[in-house]
1. I'm trying to understand the selection: among the residues of the range 44-70, which are in a helix (DSSP H, G or I) and more than 15 Å from the chain's Cα centre (by Cα)?
2. Among 52, 58, which is surrounded by fewer than 17 Cβ atoms within 10 Å (Cβ to Cβ), over 23 Å from residue 161 (Cα atoms), touching a strand residue (DSSP E or B) at 6+ places or on another chain (Cβ under 7 Å) and touching a residue at least 60 places away in the same chain (Cβ under 8 Å)?
3. Sort out which residues of the range 87-108 are over 14 Å from the mean Cα position of the chain (by Cα) and modelled with pLDDT of 95 or more, and write them in order of number.
4. Would the range 3-16 turn up any residue that is over 21 Å from residue 130 (Cα atoms), at pLDDT below 50 and either in contact with a strand residue (DSSP E or B) (Cβ under 6 Å, 6 or more places away or on another chain) or surrounded by fewer than 15 Cβ atoms within 10 Å (Cβ to Cβ) (or both)?
5. For the range 17-43, how many residues are surrounded by 14 or more Cβ atoms within 10 Å (Cβ to Cβ), outside any helix (DSSP H, G or I) and modelled with pLDDT under 85?
6. Taking residue 84 as meeting all but one of (1) at pLDDT 95 or above; (2) touching a strand residue (DSSP E or B) at 6+ places or on another chain (Cβ under 6 Å), write down the number of the exception.
7. How many of the residues in the range 128-151 are in contact with a helix residue (DSSP H, G or I) (Cβ under 8 Å, 6 or more places away or on another chain) and surrounded by fewer than 21 Cβ atoms within 10 Å (Cβ to Cβ)?
8. Restricting to the range 160-178, what's the tally of residues that are in a helix (DSSP H, G or I), crowded, with 18+ Cβ neighbours inside 10 Å and touching a helix residue (DSSP H, G or I) at 6+ places or on another chain (Cβ under 9 Å)?
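The values are calculated or read from the model by the stated rules, or taken from the named source; none is laboratory data. Treat the numbers as computed from the prediction; the structure is a model and nothing was measured. No Cβ is skipped: glycine too gets one built from the backbone with ideal geometry, and neighbour counts run over all protein chains shown.
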């Protein structure tokens with residue numbers, strides 16, 4: 001019952017974010033809006049879901065606590081996902097030493113397809129598979145790419161469907177604020 005509520009809440013907030021952009025705090029507002037991200041009125045604890053990486057090793061989402069996490073849902077055939085992967089790679093390389101993690105959740109494809117894609121595009125951030133659509137269901141994914149920002153406490157604070165350029169000044173300021181916030185904030 002609680003899981004269904006979390007799914008409905010996340011999906012509803014994403015839809016509301018698309019239809020009615022949220023008014024964030026003044027210093028965040030422009031950056032969230034520029035990235036077409038919906039800042040949730042209340043942060044939502046990350047669901048306790050574990051997904052296999054391309055080698056079958058389980059990766060618990062909660063293992064990313066204490067880091068700022070971009071959770072990216074994608075597919076290899078999605079043109080916008082491909083454009084966004086390059087931007088995510090650049091952002092990851094820039095901030096991984098400061099505590100940023102990017103976790104790409106592939107939806108519905110084989111580990112071999114993902115392995116080939118990752119190698120071809122020189123991606124260094126981790127990729128996991130969602131063969132049973134557990135994460136897709138838990139987050140109410142309706143389209144790719146879809147991204148969620150998770151703070152250092154393991155709480156989902158923002159999300160959005162569609163492509164975004166993670167290499168601009170708005171993305172940098174937003175990630176830097178989340179990295180600086182630490183685990184005790186929000």
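1. Listed by number, the list is empty, since nothing qualifies.
2. That would be 52, the only listed residue that is surrounded by fewer than 17 Cβ atoms within 10 Å (Cβ to Cβ), over 23 Å from residue 161 (Cα atoms), touching a strand residue (DSSP E or B) at 6+ places or on another chain (Cβ under 7 Å) and touching a residue at least 60 places away in the same chain (Cβ under 8 Å).
3. Across the range 87-108, the qualifying residues are 90, 93, 94, 95, 96, 97, 98, 99.
4. yes
5. The number of residues fulfilling the criteria is 3.
6. So the condition that residue 84 fails would be (2).
7. Adding up the residues that qualify gives 4.
8. The number of residues fulfilling the criteria is 4.
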